[in-house]
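Worksheet for the structure shown next.
Derivation of every value follows stated rules applied to the coordinates shown; laboratory data play no part. None of the values given here were measured: they were computed from a predicted structure. Cβ sites come from the backbone with ideal geometry, for glycine too, and all protein chains shown count toward neighbours.
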Amino acid sequence: MTLETITEQFTKTAARVPALGKSVKFVFEQGPVHIDLTHEQAVVTNEDKDANCVITTKIETLDAIRRGDMNAMMAVMSGKV
């Protein structure tokens with residue numbers, strides 16, 4: 001999976017999320033994905049902006065968690081997230 005693919009997936013998912021007044025940034029080796037949920041409509045970019053929550057991981061790890069092949073808590077405890 002590429003940074004472009006994961007950004008497209010986040011964009012589709014974020015469009016269904018209501019404004020939460022916060023932002024999150026995923027930091028991957030390939031670059032960041034910033035999700036701004038402070039506006040009526042979510043804004044997803046690959047800009048390296050400040051965020052309320054920053055998650056550093058690999059795209060492969062996130063994909064494994066999303067597929068159910070990896071337990072999210074185990075990923076955190078093992079340092080993969």
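Structure values in brief
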read-out: Counted charge near Val24, where neighbours are those whose Cβ lies closer than 14 Å (Asp, Glu -1; Lys, Arg +1); value: -1
read-out: Thr11 paired with Ile55, simple spin-label distance in nm, labels 7 Å along Cα-to-beta-carbon; value: 2.0
read-out: Contact order relative to length of the chain, as percent, for alpha carbon pairs under 8 angstrom and 6 or more apart; value: 27
read-out: In degrees, nearest ten, helix 3-14 long axis to first principal axis of the chain (Cα); value: 60
read-out: Student exercise, the chain dipole from Lys, Arg, Asp, Glu Cβ charges, in Debye to nearest 20; value: 280
read-out: DSSP loop GluC sites (Glu not before Pro) with at most 13 other Cβ within 10 Å: longest gap in the chain; value: 48-81
read-out: Percent breakdown of C-alpha pair distances by 5 Å bin, ordered from the shortest bin, for the chain; value: 3, 16, 25, 25, 20, 10, 1, 0
